[in-house]
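The values are calculated or read from the model by the stated rules, or taken from the named source; none is laboratory data. On a predicted model such as this, the values are computed, not experimentally measured, just so you know. Counting neighbours? That spans all protein chains shown, and the Cβs are built from the backbone with ideal geometry, glycine included.
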Amino acid sequence: MLELNGISKVYGQGASQVEALRDVDLNISPGEFVAVMGTSGCGKTTLLNIIGCLDTATSGIYTLQGKDVSRLSLKDKARVRNKTFGFVFQAFNLLAEYTVLENVTLPLRYSGVPKRRWKEQGLGVLERLGIADLSSRYPDQLSGGQQQRVAIARALVNDPEIIIADEPTGNLDTGTGREIVSVLCDLVEKQKKIVILATHDGAVASRAQRLLQMVDGRIIDDSTVPTGAVSFSHPAE
Amino acid sequence: MKPLYRRLLIVGIAMGVVATSLIIGVGQTLFLQRSRIGNLVSGAYWIYHGGDSPNTIYGMSLDLARTVQSWLPKGTASSAVAVDYGRSIRIGPEFYQSNVVGTDFTFLQFFELEVEGRFFTEEEQETRKRVCAVTSDIYELFGSDLKFITIGDAEFEVVGVVRGEMYRQGAMPLDYSTNSVFLPIEVYYSDIQNEDSLAGLVAEIAVLAPELTKGDLQRVLSANLSSLENAPSLKVLQWGEADRTELVRVLLALTAIFLVAFVVFLLAGLNIVQIASASVYDRHRVFGLKAALGAAPGDIVKEVSQEILGCALQGGYLGVVVAGIVNTLLNHYVGKYWAAFNMVTALAGVVLALVVGWITSLIPARKAAMIDPVKALREER
């Protein structure tokens with residue numbers, strides 16, 4: 001499904017140059033739930049951004065569904081982001097002036113889906129997540145958990161194959177975070193979607209099937225997650 | 001877009017439309033009227049009894065007019081003019097409203113006219129014959145029945161028909177080119193006004209003196225007036241001078257309005273770009289998020305442009321209304337010189353607002369489209 005070969009990302013120039021990713025190789029197949037763990041600044045978000053076509057690698061080859069992403073135009077990348085990926089952010093990133101339904105249907109505006117079907121599709125996905133009754137509320141009228149569910153609904157509204165979740169439980173309490181991860185697990189188990197999740201939380205990562213551990217822009221470990229809690233240790237520690 | 005930005009943008013565009021309509025209207029007026037400056041008629045003057053305003057006619061008695069005419073150098077043609085506006089006259093069995101103009105037989109020299117038949121002669125004036133000439137429109141109305149005209153109790157023989165322009169804007173109280181009956185001024189006084197030459201009002205004395213300057217004429221008047229008791233305030237105006245003075249004043253005022261409108265237009269344009277840019281900057285994260293969710297640069301350009309064009313349309317309507325009000329006020333002050341504000345101007349205002357909106361949306365729309373979603377989403381809320 002997606003393949004990264006020798007991907008590097010460098011920010012800045014000269015003395016202020018920072019290597020956010022170093023020679024990353026990665027293969028992810030449909031139906032995989034991949035957790036990416038590492039300390040702050042290790043390159044988790046950069047990796048997710050490159051996978052999600054939000055950012056471009058400085059070097060290396062990224063192949064998505066058999067296509068070299070680096071050759072795509074800005075417009076094509078936008079189309080890929082819209083159709084292939086669903087994004088869930090730590091800060092939810094819901095638009096305060098839009099209702100829940102309007103937030104959820106936002107990606108449909110850019111996908112060519114006729115306007116008359118937006119409401120039906122939006123309500124459908126809210127129904128699946130059990131929050132259809134919130135459709136006419138505004139984000140500031142929702143709890144953190146509800147807002148993140150809305151964000152997940154928005155990520156799913158175009159029925160993408162890959163969900164990218166960057167610290168989706170970072171702003172939630174443990175119980176609510178667990179619920180959100182369960183929703184993501186269901187997407188993998190029932191809909192065979194790829195979920196790539198970045199987290200600091202071992203308990204969250206333990207729900208994934210595969211765990212990537214990152215240090216200083218490198219993937220130092222890529223393993224199947226054993227049942228039970230996951231622990232992460234920095235090599236230097 | 002936040003309501004405050006929306007309102008500011010609408011007001012900015014409306015200001016631009018008002019300023020532009022003024023620039024176009026005033027510019028058009030300046031262009032059309034500038035050729036009228038400098039059309040002074042050499043050697044032709046009006047002497048009138050008045051205050052500071054050249055259009056204020058106090059009038060003088062026929063006796064005074066004749067005295068003044070006697071002061072003029074030999075060979076100078078002059079003609080006293082007294083008018084009865086909208087006087088009821090009878091032609092055959094029909095009554096008709098016309099201007100009855102008492103004047104001298106020399107009146108024709110002041111205009112380039114075609115005369116069918118003749119104007120009244122010096123002899124007819126001296127012998128106080130009841131004869132008159134009429135303008136061609138009256139003749140065309142009554143045709144061959146027009147042999148006599150009855151004014152009051154007096155009947156006048158029609159001896160001629162005059163055709164041509166008999167008007168000098170700003171210097172004459174009336175346009176004599178149409179609907180006028182001309183008769184000897186003494187007869188006018190005695191038979192129409194039932195006054196003697198010491199009463200009644202002569203509106204003005206037309207003077208044709210190619211060898212005299214205005215200063216010369218003023219000096220002649222001053223020298224002679226000083227010998228009179230209770231000397232009236234007589235003034236001299238060169239033909240076209242009143243027009244010129246008024247026109248220069250109006251054009252100066254319009255030039256000032258033009259410059260102010262131009263500055264307002266520039267400020268409005270700057271204001272529109274600034275507000276539109278601020279509105280985009282304010283929603284940095286929103287556009288970043290939309291880009292992350294799949295909005296292509298073209299989608300964002302379209303979205304921002306549509307927003308600004310929506311404001312431009314509303315601003316255009318508002319601007320046209322305000323421009324209409326400003327136009328009405330200007331029309332009140334500069335009246336006849338003002339270019340008309342019509343449907344074409346209104347439509348042009350709205351189209352202009354849309355064009356301005358579209359042009360000014362390009363920069364902010366492009367900025368919005370170029371927002372890096374990674375950087376935008378990384379920023380703190």
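Could you please find all residues in the range B:199-242 being β-branched (V, I, T) and in contact with a Gly (Cβ under 8 Å, 6 or more places away or on another chain)?
The one that is β-branched (V, I, T) and in contact with a Gly (Cβ under 8 Å, 6 or more places away or on another chain): B:V202.
Yes or no, residue by residue, for (1) assigned to a helix (DSSP H, G or I); (2) touching a Pro at 6+ places or on another chain (Cβ under 9 Å):
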| position | (1), (2) |
| --- | --- |
| B:A223 | yes, no |
| B:A231 | no, no |
| B:V260 | yes, no |
| B:G269 | yes, no |
| B:Q274 | yes, no |
| B:S279 | yes, yes |
| B:G288 | yes, yes |
| B:A312 | yes, no |
| B:A323 | yes, no |
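Could you check the range B:93-131 and list, in sequence order, the residues that are surrounded by 14 or more Cβ atoms within 10 Å (Cβ to Cβ) and without any contact (Cβ under 8 Å) to a residue 24 or more places away in the chain?
Residue satisfying the conditions is B:T121 alone.
Would you confirm whether any residue within the range A:163-184 is within 13 Å of chain B (Cβ to nearest Cβ), among the basic types (K, R) and either without any contact (Cβ under 8 Å) to a residue 24 or more places away in the chain or part of a helix (DSSP H, G or I) (or both)?
no
Residues of the range B:75-96 being closer than 18 Å to B:A44 by Cβ and out of contact with any strand residue (DSSP E or B) (no Cβ under 9 Å at 6 or more places or on another chain), which ones?
B:G75
As an exercise: evaluate B:L237 against (1) within 29 Å of B:G43 (Cα to Cα); (2) of a type outside the set (G, A, S); (3) modelled with pLDDT under 85; (4) not in a strand (DSSP E or B) and give the number of the one condition it does not meet.
B:L237 satisfies all of (1) within 29 Å of B:G43 (Cα to Cα); (2) of a type outside the set (G, A, S); (3) modelled with pLDDT under 85; (4) not in a strand (DSSP E or B) except (4).
Any residue in the range A:62-83 that is facing chain B (nearest Cβ under 9 Å), β-branched (V, I, T) and farther than 25 Å from A:G145 by Cα?
yes
Can you tell me which residue is farthest from the other protein chains (Cβ to nearest Cβ) among those in the range A:23-61 that are on the phi > 0 side of the Ramachandran plot and in contact (Cβ under 8 Å) with a residue 12 or more places away in the chain?
Of the residues in the range A:23-61, the ones on the phi > 0 side of the Ramachandran plot are A:23, A:31, A:38, A:41, A:43, A:53, A:60.
Narrowing the set further to residues that are in contact (Cβ under 8 Å) with a residue 12 or more places away in the chain leaves A:23, A:31, A:38, A:43, A:53, A:60.
On the way: A:D23: 21, A:G31: 23, A:G38: 17, A:G43: 13, A:C53: 9, A:G60: 17 Å.
Ranking the qualifying residues of the range A:23-61, first place goes to A:G31.
On the basis of being over 24 Å from B:M60 (Cβ atoms), touching a Ser or Thr at 6+ places or on another chain (Cβ under 9 Å) and of a type in the set (S, T, N, Q), does B:T178 make the cut?
Here the answer is yes, as B:T178 does meet what is asked.
Which of (1) closer than 20 Å to B:A291 by Cα; (2) in contact with a helix residue (DSSP H, G or I) (Cβ under 6 Å, 6 or more places away or on another chain) is the odd one out, the single condition A:V113 does not satisfy?
The failed condition is (2).
Does A:L197 satisfy the criteria of being touching a residue at least 60 places away in the same chain (Cβ under 8 Å) and outside any helix (DSSP H, G or I)?
Criteria met by A:L197.
In the list B:I272, B:I257, which residue meets the criterion of being under 45 Å from the mean Cα position of the chain (by Cα), closer than 21 Å to B:P3 by Cβ and not hydroxyl-bearing (S, T, Y)?
B:I272
If we keep just the residues of the range A:143-162 that are outside any loop (DSSP other than H, G, I, E, B) and among the aliphatic types (A, V, I, L, M), which is nearest to A:E32 (Cα to Cα)?
The initial filter retains those residues of the range A:143-162 that are outside any loop (DSSP other than H, G, I, E, B), namely A:144-156, A:162.
Keeping just the survivors that are among the aliphatic types (A, V, I, L, M) gives A:150-153, A:155-156, A:162.
Values: A:V150: 23, A:A151: 21, A:I152: 17, A:A153: 20, A:A155: 17, A:L156: 16, A:I162: 10 Å.
For the range A:143-162, the residue satisfying everything is A:I162.
Do you know which of the residues in the range B:69-91 that are in contact with a helix residue (DSSP H, G or I) (Cβ under 8 Å, 6 or more places away or on another chain) and of a type in the set (S, T, Y) is nearest to B:R219 (Cα to Cα)?
B:S78
Check off (1) among the acidic types (D, E); (2) over 20 Å from B:A203 (Cβ atoms); (3) modelled with pLDDT under 90 for B:E157 and give me the number that stays unchecked.
For B:E157, the exception is condition (3).
What are the pairs, 6+ residues apart or on separate chains, where a residue within the range B:290-301 that is more than 7 Å from chain A (Cβ to nearest Cβ) and touching a residue at least 40 places away in the same chain (Cβ under 8 Å) has its Cβ under 6 Å from a residue that is among the aliphatic types (A, V, I, L, M) and part of a helix (DSSP H, G or I)?
B:I300/B:A368; B:I300/B:A369; B:V301/B:A365; B:V301/B:A369
How many residues are more than 9 Å from chain B (Cβ to nearest Cβ) and part of a helix (DSSP H, G or I) if we restrict to the range A:84-110?
Number of matching residues: 7.
Could you grab me the full set of residues in the range B:160-177 that are surrounded by fewer than 19 Cβ atoms within 10 Å (Cβ to Cβ) and modelled with pLDDT under 90?
Residues satisfying the conditions are B:G164, B:E165, B:Y167, B:Q169, B:G170, B:P173, B:L174, B:D175, B:S177.
Within the range B:186-197, identify whether any single residue is modelled with pLDDT under 85, among the hydrophobic types (A, V, I, L, M, F, W, C) and crowded, with 16+ Cβ neighbours inside 10 Å, and answer yes or no.
yes
Please go through the range B:343-376 and pick out each residue that is within 10 Å of chain A (Cβ to nearest Cβ) and buried (at least 23 other Cβ atoms within 10 Å of the Cβ).
Of everything in the range B:343-376, just one residue is within 10 Å of chain A (Cβ to nearest Cβ) and buried (at least 23 other Cβ atoms within 10 Å of the Cβ), namely B:P373.
Looking at B:R66, B:R90 in this structure, which one is in a strand (DSSP E or B) and surrounded by fewer than 21 Cβ atoms within 10 Å (Cβ to Cβ)? Give the derivation first.
Working: B:R66 fails: in a strand (DSSP E or B).
Exactly one residue qualifies, and that residue is B:R90.
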